[in-house]
């Protein structure tokens with residue numbers, strides 16, 4: 001494979017009026033790629049890194065969805081694709097930071113009679129589509145709002161998951177539960193004040209209707 005050099009110009013506050021320092025990254029073209037595409041790939045990488053740096057989060061730069069999501073846009077630079085992935089990452093961080101999450105082991109410990117297998121009963125409930133999970137930082141988490149006071153799955157969660165339908169990215173589902181939804185309002189408010197589905201699980205019909213009306217996006 002042919003190696004190409006991608007140069008990213010970086011300036012900190014003290015250097016804005018001085019000069020940019022270049023960081024040289026060595027990147028390999030995929031096997032069988034046309035060497036003539038090298039310049040286009042360099043441009044795509046520079047655009048991608050520029051957007052990622054703008055987020056101000058080192059973790060986003062390091063992972064950047066492993067930059068694999070950019071692969072389809074490398075030969076034909078697509079800044080919209082990059083921006084979409086950065087926006088997704090910001091949404092994921094917000095939903096996780098503002099939520100209350102449990103691991104399978106914690107759910108196991110909260111049972112009246114914890115199963116010997118610490119992944120149970122959470123893994124079994126998930127398999128039967130009674131609850132859902134997300135992955136964050138390499139670990140699996142379950143939103144606490146899916147459970148009652150005894151840490152058993154709320155029956156409405158299974159109904160919501162069925163109405164919502166299959167999703168390739170569980171964070172789409174997590175974001176839907178998290179953000180205020182125009183199809184759900186607080187009781188007693190004429191005209192309605194949008195409420196997040198996770199805060200309206202006692203309004204079964206309204207939440208199921210909202211799930212059926214949902215559009216595939218990271219925010220409701």
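The values are calculated or read from the model by the stated rules, or taken from the named source; none is laboratory data. This one's a predicted model, so the numbers in the text were calculated from it and none came from an experiment. When we count neighbours, we look across all protein chains shown, and the Cβ atoms used for this are built from the backbone with ideal geometry, even at glycine.
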First in the stretch 113-129 and touching a residue at least 60 places away in the same chain (Cβ under 8 Å), second anywhere and loosely packed, with under 13 Cβ neighbours inside 10 Å and assigned to a loop (DSSP other than H, G, I, E, B), Cβ under 9 Å, 6 or more apart: none
Qualifying residue in the stretch 194-202 (condition: surrounded by fewer than 13 Cβ atoms within 10 Å (Cβ to Cβ) and without any contact (Cβ under 8 Å) to a residue 60 or more places away in the chain): yes
Selection status of residue 131, within 20 Å of residue 201 (Cα to Cα) and touching a strand residue (DSSP E or B) at 6+ places or on another chain (Cβ under 6 Å): yes
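Residue check: is residue 179 closer than 25 Å to residue 105 by Cα and modelled with pLDDT of 95 or more?
no
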Residues that are loosely packed, with under 14 Cβ neighbours inside 10 Å and touching a residue at least 24 places away in the same chain (Cβ under 8 Å), drawn from the stretch 93-109: 98, 100
Residues satisfying the stated conditions in the stretch 131-152, i.e. over 25 Å from residue 91 (Cβ atoms) and touching a residue at least 24 places away in the same chain (Cβ under 8 Å): 150, 151
